[in-house]
């Protein structure tokens, strides 16, 4: 993607981040594929996972195709600027990553299965990039919503790291941090590849299987 990217690989400091705005970028409608709401309130008993794995167009498509996923949305998180625009995030001056919020039914899928899809869906050994998409907004990141979610993400990351190193890859660069505010991306980014089937997707995995069956 990277249409507005300055290819910045150094994180901006809070005092140098763009000021953003108080109002969100919506309004937003229903999911273009699943037909469910992409905004709260979500169905009772659902849980959420927030991850960044490069350009969020292809990243969102990975998750809406999975069983047990109720809805997905793309946005920005992990940085400082409130309600940023796409252009602001791509400037490298917000601190945000492009992320996907996955709302799922834990009776139909598991957090471990979704984390496995996350790790296998991109190359988590790349630092501040995915393929030709270079910048802090493309970093590999899990924004955990609870201590239990963080612990499982770290466990799977560390086990997958061993498999990647054994296969000749570099060490995993994925950050696992506490989730902060999620800011919706502009409406035209939501389910982009469903609306534009021939649109850009720069994601590619390593081909190494994640050991989800042993965990979670």
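The values are calculated or read from the model by the stated rules, or taken from the named source; none is laboratory data. These numbers were taken from a predicted model, which means no experiment stands behind them. So basically every Cβ, Gly included, is an ideal-geometry build from the backbone, and we count neighbours across all protein chains shown.
Laid out as a table, the results:
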| read-out | value |
| --- | --- |
| Condition check for residue 109: crowded, with 21+ Cβ neighbours inside 10 Å and at pLDDT 95 or above | no |
| Residue within the stretch 124-132 that is closer than 28 Å to residue 34 by Cα and touching a strand residue (DSSP E or B) at 6+ places or on another chain (Cβ under 9 Å) present | yes |
| Subset of the stretch 119-156 (residues that are in contact with a helix residue (DSSP H, G or I) (Cβ under 8 Å, 6 or more places away or on another chain), crowded, with 22+ Cβ neighbours inside 10 Å and part of a helix (DSSP H, G or I)) | 119, 137, 153, 156 |
| Among residues of the stretch 76-99, those that are at negative phi, touching a helix residue (DSSP H, G or I) at 6+ places or on another chain (Cβ under 9 Å) and crowded, with 22+ Cβ neighbours inside 10 Å, counted | 10 |
| Selection from the stretch 163-189 of residues that are in a helix (DSSP H, G or I) and surrounded by 13 or more Cβ atoms within 10 Å (Cβ to Cβ) | 163, 164, 165, 187, 189 |
| Residue satisfying condition, being in contact with a helix residue (DSSP H, G or I) (Cβ under 9 Å, 6 or more places away or on another chain), in a helix (DSSP H, G or I) and at pLDDT below 95, within set 202, 213 | 213 |
| Test: residue 192 is at pLDDT 95 or above, surrounded by 19 or more Cβ atoms within 10 Å (Cβ to Cβ), in contact with a strand residue (DSSP E or B) (Cβ under 6 Å, 6 or more places away or on another chain) and on the phi < 0 side of the Ramachandran plot | no |
| Residue within the stretch 41-59 that is under 12 Å from residue 137 (Cβ atoms), in contact (Cβ under 8 Å) with a residue 40 or more places away in the chain, assigned to a loop (DSSP other than H, G, I, E, B) and touching a strand residue (DSSP E or B) at 6+ places or on another chain (Cβ under 6 Å) present | yes |
